[in-house]
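The structure appears below as structure tokens.
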Amino acid sequence: VNDTIYLGTPSFRIVAFEPDTGKVKWSYDSKAVLEPSTQSSLKNRGVAYWQAAQPVAGQPCQKRIYIGTVDAKLHAVDAENGKPCTDFGDNGVVDVDQWNVVNRKWPLALLQPPTVFRDFLFLGWAGRDWAEAETSPGSLFALDARTGALRWTFEAIPEDSTAKTGGANISASMSVDADRNMLFIPVSSPSPSFF
């Protein structure tokens, strides 16, 4: 996209390449914590691209690349030069863990990129849903693509069940039916499968 190949690495860096020569245009280091909290190893399932419906010439961050980290930070950088988009969260970084309030505080990792639709970022996360019977709830966050502000959340597990179960994390890619304004969410198996 944007005459560029954008790659996310397992150490949560973004590298932008020329597609014909492979020459590196720029790179961005998120300086993320490099200790896996929810998985057995570090991994990154890609980056996401967004651009303004009517880009303003000369203004930064009219095209953006997003990458999540194992310590639940979502970074937004200018797709043209890899510089942080300072109007997104705190100087280009949103701490998604601030919204991790259901049940109790569980480790939250952003291994997959957000799903982009218009000015929305739909963000699932990976938990440690393979290790314990009672696990993280697997919330879905909808963020403003420009500011990183939380617009709404969705819980796959009903509120009256969160004290006794968990799982249903969204650790794979979501898809959007743009004609019908519908978001399709794949969830992992909830923890009753342990029983």
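From the residues in the stretch 144-181 that are in contact with a Ser or Thr (Cβ under 9 Å, 6 or more places away or on another chain) and assigned to a strand (DSSP E or B), which one is nearest to Q98 (Cα to Cα)? In this case the residue turns out to be T153. Kindly evaluate W130 against the criterion of being open to solvent by 30 Å² or more (accessible area, probe 1.4 Å), under 26 Å from K73 (Cβ atoms) and at pLDDT below 85. Here the answer is yes, as W130 does meet what is asked. Scanning the stretch 57-68 for residues that are buried (at least 23 other Cβ atoms within 10 Å of the Cβ) and more than 8 Å from the chain's Cα centre (by Cα) yields C61, R64, I65. Scanning the stretch 94-119 for residues that are touching a Lys or Arg at 6+ places or on another chain (Cβ under 7 Å) and surrounded by fewer than 21 Cβ atoms within 10 Å (Cβ to Cβ), we see that the one that is modelled with the lowest pLDDT is P107. Screening L143 with (1) surrounded by fewer than 19 Cβ atoms within 10 Å (Cβ to Cβ); (2) touching a Pro at 6+ places or on another chain (Cβ under 8 Å); (3) modelled with pLDDT of 85 or more gives one miss only, at (1).
Looking across the stretch 31-51 at every residue that is assigned to a loop (DSSP other than H, G, I, E, B) and free of Cβ contacts under 8 Å to residues at least 60 places away in the same chain, the one that is surrounded by the most Cβ atoms within 10 Å (Cβ to Cβ) is identified as A32.
The values are calculated or read from the model by the stated rules, or taken from the named source; none is laboratory data. Fair warning: this is a prediction, and the values are worked out from it, not measured in the lab. Cβ sites come from the backbone with ideal geometry, for glycine too, and all protein chains shown count toward neighbours. Quick note on the areas: whole protein, heavy atoms, side chains included, nothing else; ligands and nucleic acids left out. Shrake-Rupley method; radii C 1.70, N 1.55, O 1.52, S 1.80 Å.
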